[in-house]
Protein chains: 2
Amino acid sequence: MRDDMLTSVLTELNGTSADIEASGVISTDGLMMASVLPAGLDEDRVGAMSAAMLSLGDRTAQELNRGGLEQVLIKGDNGYVLMTYAGEEAVLTVMAKSNAKLGLIFLDVKRAAESISEML
Amino acid sequence: MRDDMLTSVLTELNGTSADIEASGVISTDGLMMASVLPAGLDEDRVGAMSAAMLSLGDRTAQELNRGGLEQVLIKGDNGYVLMTYAGEEAVLTVMAKSNAKLGLIFLDVKRAAESISEML
């Protein structure tokens, strides 16, 4: 039931923009709770890399006096990965194309993270 | 001489916006090449965290099919850390306030990274 609600938020998020290729909700210890991923993208790999990036991001934010971590964005020459806390125990990871409009992605992801946070 | 040129690019970058609090050029193995940091922010700490984030960011970009890493952005509730490759062997790390206009920061940092890349 809760899985279905999470999946429906992700499906809606992926539908808001053709630039969003994949999304998933991951517990802060790296286990996938729900995901809408294209073929060829492995759930476990997305979960593991998200958890690792957030853990190091947390530490970096602390060490460099940036306060509590909210988001990590990775830009590669083939697209973006955006990881956003959805409450304290889960993370919303979104993958977007390299030509994505970042302002819109930030807005849509923020709204989705708020919805997810209320469900958990 | 090259140190002076790097420091002058960083001083100019920090001067473009009151929202930029600190910047540094770091070799990809984590050693500081030049920096303009406020008191209380340790060079070695900035270098070490930048190198660690980029190393994991490289791997994440590869594992999630995002191509070669260009940038990592960390958003904390007290501000941003933005790490951008300046050529292949150095990284420009910039710290900005939480109310910074990200679009302007991205633009100024991109220009500074290009200048630095030409000097190395």
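A Förster radius of 25 Å, combined with the Cβ-Cβ distance separating residue A:110 from residue B:110, puts the computed FRET efficiency at roughly 0.55.
Explain nothing, just the number: relative contact order of the range A:2-119, from Cα pairs under 8 Å at least 6 residues apart, as a whole percent.
Details: 193 pairs, mean separation 32.7, N = 118.
Rounded, it is 28 percent for the range A:2-119.
Computed from the C-beta positions of residue B:118 and residue A:42, the FRET efficiency with R₀ = 45 Å rounds to 0.70.
Picking from B:104, B:13, B:31, which is most flexible by a Gaussian network model of chain B using Cα springs under 10 Å? Checking each option, the largest mean-square fluctuation is seen for B:104.
Which of rounded, prolate, oblate describes the range A:26-120, given a ≥ b ≥ c as roots of the alpha-carbon gyration tensor eigenvalues and a/c under 1.5 marking rounded, otherwise prolate only if a/b is larger than b/c? Rounded shape, in that the Cα axes give a/c under 1.5. Highest GNM mean-square fluctuation among B:92, B:54, B:69, for chain B modelled with Cα contacts below 10 Å: B:69. Working note: 222 nm ellipticity from helices only, DSSP H runs with n ≥ 4, each -39,500 (n - 2.57), summed and divided by the residues of the protein assembly as shown, gives -15000 deg cm²/dmol to the nearest 500. For chain A, complete DSSP H runs whose alpha carbons reach 24 Å or more along their own long axis and whose mean Kyte-Doolittle score is -1.0 or higher are A:43-63, A:102-119.
For a modelled paramagnetic label at residue B:16, 7 Å from Cα along Cα-to-Cβ, the residues of the range B:73-99 in reach, with backbone nitrogen under 14 Å, are B:82-86, B:92-96.
Per residue of peptide B:74-87, the mean number of Cβ atoms on other chains within 10 Å of the residue Cβ is 5. Dipole orientation for the protein assembly as shown: of the candidates A:76, A:13, A:34, A:13 has the Cα lying most toward the positive pole (charges on Cβ; Lys, Arg +1; Asp, Glu -1). Radius of gyration over Kirkwood radius for the protein assembly as shown, both on Cα atoms: the Rg/Rh ratio is 0.98. Comparing mean-square fluctuations of B:21, B:89, B:63 from a GNM of chain B with C-alpha springs under 10 Å, the top value falls on B:63.
Partner shielding of B:95-101 amounts to 1, given as the average count of beta-carbon atoms from other chains within 10 Å of each residue beta-carbon.
Cβ neighbours within 10 Å, averaged per peptide: list B:107-115, B:78-86 in order, most packed at the top.
On the way: B:107-115: 17.9, B:78-86: 22.4.
Sorting B:107-115, B:78-86 by mean packing, highest first, produces B:78-86, B:107-115.
Reported to the nearest whole Å, the Cα centre-to-centre distance from the range A:1-53 to the range B:1-48 is 36. Shape annotation for the range A:1-60: C-alpha extents along the principal axes are 33, 28, 21 Å, from largest to smallest.
Here, each number is a calculation from the coordinates, and none is a lab measurement. Keep in mind it's a predicted model, so treat the numbers as computed, not measured. Neighbour counts run over all protein chains shown; Cβ positions are idealised from the backbone, glycine included.
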